[in-house]
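The structure appears right after this line, and notes come after that.
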Amino acid sequence: MTATTSDVDRFKAAAANAAAALVEDGLIVGLGSGSTASLVVSILGRRVAEGLRIIGISTSQQTQREARSLGIPLSTLAEHEHIDITIDGADEVDVGGLHLLKGLGGALLREKIIACSSEQMIVVIDETKLVDRLGRGPVAVEVAPFGWHTTAGRLQSLGASLVRRTTREGRPFITDGGHYILDCAFGPINDPERLQRQLDGTIGVVEHGLFLGMASRVIVGGSQGVRVLQSTRAIRCGSATLRGGGDDQ
């Protein structure tokens, strides 16, 4: 049976509640972006009003505004290089490896920087985001505006069918970092590690939406309740040890 919009909203809320419950007093918390992460921020705002003591590091200007309006104390990576836990959403999650596709909200660069500074990355989704292989939707690729046409050509040579993201008014979408986003459709991605290497090596690419092996666990809200996909292998990401690969718990 296909999930309705109300079903998905209910699944998101259940997963958000389970994720927010993991936040303990005294933690430095990375605050993700997107609709499901926004639910977590709202719950944390209520808990802060009730006495929870945390410091938030936001992944986007929108999240920063939301957190500030809720009274969540905020800081920066300059003051807190190590983050205890980051809670964020994802557009797709590969159930076999817990690899993520992110970036539809346009905050992928800051999201990846925050994730790579975190002891744990908790991903919160509804079950419609689970896929066998990444690539159901496009890969968001953040690029420098200067010479973006030539960058687009390099991405097309990798097999991408792409468009430059625009706003509802038809203007170029500009990220918080002042960059463009090219939405690159590759189709089902059989070798995400290879594609990641290719994107990382493409001149003009600032960052991309492949978050491989970065999720410590994925909390999934669905028709059967909330379940947790737990990582089974550790990898290095910058200075933080993160985990990837999943088992149900």
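The values are calculated or read from the model by the stated rules, or taken from the named source; none is laboratory data. Small disclaimer: the values here were computed from a predicted structure and weren't measured. Don't worry about glycine lacking a Cβ; one is built from the backbone with ideal geometry, like all the others, and counts go over all protein chains shown.
Residues that are under 19 Å from residue 15 (Cα atoms) and not hydrophobic (A, V, I, L, M, F, W, C) are absent from segment 166-179.
Against the numbered list (1) farther than 26 Å from residue 40 by Cα; (2) assigned to a helix (DSSP H, G or I); (3) of a type in the set (Gly, Ala, Ser), residue 67 comes up short only at (1).
Give 120, 61 a once-over and let me know the one that is touching an Asp or Glu at 6+ places or on another chain (Cβ under 6 Å) and at negative phi. Steps first, please.
Details: 120 fails: touching an Asp or Glu at 6+ places or on another chain (Cβ under 6 Å).
Result of the check over 120, 61: 61.
The residue that is farthest from residue 137 (Cα to Cα), among those in segment 188-228 that are free of Cβ contacts under 8 Å to residues at least 24 places away in the same chain and acidic (Asp, Glu), is 200.
Screening residue 84 with (1) in the same structural domain as residue 184 (by TED's automatic domain parsing); (2) closer than 17 Å to residue 55 by Cβ; (3) not basic (Lys, Arg) gives one miss only, at (1). Only residues that are more than 23 Å from residue 213 (Cα to Cα) and polar (S, T, N, Q) were counted across segment 143-202, and they come to 8.
Quick check on segment 1-24. Is at least one of its residues crowded, with 21+ Cβ neighbours inside 10 Å, at pLDDT 95 or above, touching a helix residue (DSSP H, G or I) at 6+ places or on another chain (Cβ under 9 Å) and farther than 18 Å from residue 125 by Cβ? No, that holds for no residue. For segment 136-150, what are the residues that are in contact (Cβ under 8 Å) with a residue 60 or more places away in the chain and among the hydrophobic types (A, V, I, L, M, F, W, C)? The answer is 139, 140, 141, 143, 144. Listed by first and then second residue, the pairs with beta-carbon distance under 7 Å, at least 6 apart or on different chains, first residue in segment 51-65 and touching a residue at least 12 places away in the same chain (Cβ under 8 Å), second of a type in the set (Asp, Glu) and assigned to a helix (DSSP H, G or I), are 59/111.
Scan the strands (runs of 3 or more DSSP E) fully inside segment 116-235 and keep the ones with 1 or more residues being surrounded by fewer than 17 Cβ atoms within 10 Å (Cβ to Cβ). Steps first, answer last, please.
Numbers: elements: 118-126, 139-143, 161-164, 180-185, 205-208, 217-222.
In segment 116-235, 118-126, 161-164, 180-185 are the strands (runs of 3 or more DSSP E) which contain 1 or more residues that are surrounded by fewer than 17 Cβ atoms within 10 Å (Cβ to Cβ).
For segment 71-79, check the following and say yes or no: at least one residue is of a type in the set (Gly, Ala, Ser) and in a strand (DSSP E or B). Looking through segment 71-79, none of the residues is of a type in the set (Gly, Ala, Ser) and in a strand (DSSP E or B).
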